[in-house]
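Student: Input: one structure, supplied below.
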Amino acid sequence: MREIFEEYGGAIITAIVIVAFIVVMVALIKNGVLTDQFEALIENFSNNADSASGLG
């Protein structure tokens, strides 16, 4: 077991971090937190662009 971690420890840790990142992103998307923030970002950008161009 020690030999495996000495040889592949970096790859194992990298895989665990990637999987954990994916799990967190999926949880945020399912709860709607990330989608709400993204929609607010797009709406604010659109409003600012309209007011800056004189259309809004």
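Student: At 0.36 nm per residue, and after removing the present C-alpha to C-alpha distance, how many nm does the segment from residue 19 to residue 51 gain when stretched out fully?
Tutor: Working: separation 32, 0.36 × 32 = 11.52 nm, distance 4.18 nm.
Gain in length upon complete extension: 7.3 nm.
Student: Over the chain, what percent of the accessible surface lies on carbon and sulfur atoms, probe 1.4 Å?
Tutor: On the way: 3390 of 5070 Å².
Carbon plus sulfur share of accessible area: 67 percent.
Student: Accessible area per residue for the chain in Å², computed with a 1.4 Å probe and the full protein assembly in place, what is it? Spell out each step's value before the answer.
Tutor: Values: 5070 Å² over 56 residues.
Dividing the accessible area of the chain by its residue count gives 91 Å².
Student: Over all alpha-carbon pairs in the chain, figure out the percentage whose distance exceeds 12 Å. Don't jump to the answer; show the numbers that get you there.
Tutor: Details: 1159 of 1540 pairs.
Result for the distance tail: 75 percent.
The values are calculated or read from the model by the stated rules, or taken from the named source; none is laboratory data. On a predicted model such as this, the values are computed, not experimentally measured, just so you know. Just so you know, the surface numbers come from the protein's heavy atoms only, side chains and all, with ligands and any DNA or RNA stripped out. Shrake-Rupley method; radii C 1.70, N 1.55, O 1.52, S 1.80 Å.
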